[in-house]
Every structure is written in C-alpha cells, then in structure tokens.
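Have a look at the structure below before the remarks.
Computed from the coordinates by the stated procedures, all read-outs in this text should not be read as laboratory data. This structure is a prediction, so every number in the text was calculated from the model and none was measured. Counting neighbours? That spans all protein chains shown, and the Cβs are built from the backbone with ideal geometry, glycine included.
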Amino acid sequence: MTRLRTAILISGRGSNMDALIAAAKDPSFPAEIALVVSNRPDAPGLAKAKAAGVAAAAVDHKIYAGREEFERSLQIVLETYRIEFICLAGFMRMFTPWFVSLWRGRILNIHPALLPSYRGLDTHERALADGVKIHGCTAHFVVPEMDEGPIVAQAAVPVLDDDTPQTLAARVLAQEHVIYPMALRLVASGAVRVDGNRVLGAPTPHDAALIVPAASAEPGRIA
Ligand code: GRF
C-alpha cells in the first residue's frame, strides 16, 4: 500500500501532532507522517516529533520579510521531503491565497469548535459566555477564508455547569485527538469526496460524527 506522505505543521505543544503520529504508526493507516514543521523554532512539539522518530524542521516566520517569502521557504522544505498532504495542528499563521491554492484539497485543519460556530480564537471562553450546551471540534479542508472549508469530521461534547474554559478545552481536545486521525484516514484512503462544501462518502456516520454523552464526559487531560 502506498501511504500518503504527510507533513504536520505546528506552532506549539503538538498534542494533535502526537495523535496523528500515533495513528500513523499502524502500517495499515493510509498516511505516513514524513515531516513535522514548526514556524516557531522553540515549539515543544518539535522535540516530541524527533523523539517519535519523525523528521522535524523549523521555518522561522520572523526572519522573512512577508508571508509569501515565509511560505516559499516552507514550500521548498515540503518539496524536499516529497510531501503530498498537509495537516495543520495548532499552526498559528494565516496562509496567503497563493499557498492555499497550491495545496487546495490536500490540506486539513483541526479547529476547537463546531464550525461554522466560533471561528477564530478563544472558542471555549466564547462558548461558555454564550451559554451553549453543546460544543466540540471540527476537522476540515483549508480554504483561503479562516476556519472555513468542507468539513470532514466533527465531535460534539456537552458543556457542564461547572466548566471553566480549561475543563471545556480539555474535553474538546480529547475529541480532537480522536477525530483528526479519523479525518486523515477518511481523506487519505480516498473513502470520501468533496462535493461543493460537503464531504461525502464516510463508510458509517460514526466515521465522521461523534457525539460524546454527558455520562462519559470526563474532562480529559492536556498533554
Ligand atoms: C488545538 O486546540 C487545535 O484545535 C487548535 O490549536 C490547538 C493546538 O493544540 N487549532 P496542540 O498543539 O495540537 O496540542
């Protein structure tokens, strides 16, 4: 089986990166993690990637005059490693339309909210402030607009009375670690297809949509 050569782009701790690397250890997983790149040389995730035996590189955005210059360097690194697919995992840079169109259909992101609700930052604080009873996370294809693009998989979790942004974040993060590998598997295996703004063809509904019942809503742990 040829496995899709995938790069994970991070800016920080890389817990979603860990989940993707762990899933791809299974030789039957349709993607291999061939590279981790961080725009921050001090990202803790880089050391974790190396410890897991994955090639890791930093492309420091601060040394470039602009976003496109940064992206051209990044692109050279991706080409050097013959990367075919990208997973953004806590990567805190917006891409130019040039880079997104280069990778269109070959780049996923994980977002800590049930899109299209709560695009952007501080999703857990905003969900609590709004009093919503259900929150969650979304794995989606990347398009030029921030936190938009066809949705591959989502998980919904309950919001509990005594939640803080931290406990809610931990509950959501535990599900990010479940749905991101699930989404990469669906896309890399060719099981799903994009039809306009919809991603169709998941073998069962549970392959694309998870609902965590309140009874099993442990806060989870932040690695
Ligand atoms: C996650 O909550 C992800 O949804 C968001 O940034 C965070 C990254 O966390 N895009 P980690 O680096 O994967 O632990």
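Here are a few things to note about the model shown:
- Modelled label reach - residue 129, point 7 Å along Cα→Cβ, the range 89-119 residues with backbone N closer than 15 Å: 118-119
- Modelled spin labels at residue 5 and residue 178, positioned 7 Å past Cα toward Cβ, are 3.4 nm from each other.
- The slack between residue 64 and residue 216, meaning 0.36 nm per residue of separation minus the straight C-alpha distance, is 50.1 nm.
- Gap separating the Cα centres of the range 44-61 and the range 67-137, nearest whole Å: 18
- Low-density loop cleavage sites - trypsin sites (Lys or Arg not before Pro) in the range 108-154, where at most 15 other Cβ are within 10 Å (DSSP): 119, 133
- Projecting label points 7 angstrom from Cα along Cα→Cβ for residue 98 and residue 51 puts them 3.7 nm apart.
- Cut-off under 5 Å, modelled amide H: who pairs with residue 88 long-range: 9, 108, 109, 110
- The C-alpha atoms of the chain define a longest principal axis, and helix 165-188 lies at about 50 degrees to it.
- Overall, the ratio between the Cα radius of gyration of the chain and 2.2 N^0.38 Å, rounded to two decimals, is 0.98.
- Using R0 = 30 Å, the C-beta based FRET efficiency linking residue 193 and residue 82 works out to 0.75.
- Bridge orientation summary for the chain: considering DSSP beta bridges with both residues in this region, about 40 percent are antiparallel.
- Degrees between helix 15-24 axis and first principal axis of the chain (Cα, 0 to 90, nearest 10): 70
- Whole-Hz Karplus values for the range 49-56 come out as 4, 4, 4, 8, x, 9, 4, 9 Hz, taken residue by residue from phi with 6.51 cos²θ - 1.76 cosθ + 1.60 and θ = phi - 60°; glycine and proline positions read x.
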